[in-house]
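Structure first, commentary second.
We did not get these values from a lab; they are worked out from the coordinates using the rules stated. Just so it is clear, the model here is predicted, and its values are computed rather than measured. Cβ coordinates were reconstructed from backbone atoms using ideal geometry, including for glycine residues, and neighbour counts include every protein chain displayed.
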Amino acid sequence: MANFKRSGKKEMPEIGTSSDIVFMFLFFFMVTTQMRENEVKVKVSLPEATEIAKLERKDLASYINVGPPTINYQSKYGTDAQIQLNDDFKSVDDIRDFIAAERDAMSEADRQYMTVHIKADQDVRMGIITDIKQELRRCSALKIMYGARKVEK
């Protein structure tokens, strides 16, 4: 067998840790960041609730926010309660198109589990909520949940 002789003094190459650090930062931000689907443009002070039901699959929920616009939008829309569907202020008449678009975005099997979640400010007139519910009945969107704060006992 031949003997291999080490000639000279060999230095260890530097370990490149910059890629490891970048990977750790990327992983940290991916885990801690929540993706928000819609920007809430109305102020919502939720009323207190006595019963709470948790949504099993949030991807099957469509959200309708009702309340006065935030300060950024009060100059354009006033201080009266507005209906927000996705990222736009709409009227009650637009709810039918909103529900149809949300159903089309779902698979055929998931459409029966679609839930409409109404988040309304506690000071909103009940007439607006009634109009929204009537329009949801006309579209056959019958699974409705209401946003509320949990009462601490």
* What is the distance, in nm, between label points placed 7 Å from the Cα along the Cα-to-Cβ direction at Ser75 and at Glu48? -> 3.8
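Go through 69-76, 106-113 and give me the packing order, highest mean Cβ count within 10 Å leading. Don't skip to the answer; put the middle values down first.
Details: 69-76: 11.9, 106-113: 10.4.
The peptides rank, most packed first, as 69-76, 106-113.
How much of the pair distance distribution for segment 65-151 lies past 14 Å, counting alpha-carbon pairs only, in percent?
Working: 2500 of 3741 pairs.
Counting every Cα pair in segment 65-151, those more than 14 Å apart make up 67 percent.
By how many nm would the segment from Ala100 to Asp20 lengthen if fully extended, with 0.36 nm per residue of separation less the alpha-carbon distance? Don't jump to the answer; show the numbers that get you there.
Details: separation 80, 0.36 × 80 = 28.80 nm, distance 4.63 nm.
Separation in residues times 0.36 nm, less the Cα-Cα distance, equals 24.2 nm.
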* Relative contact order %, segment 64-153, counting alpha carbon pairs below 8 Å whose residues are six or more apart -> 31
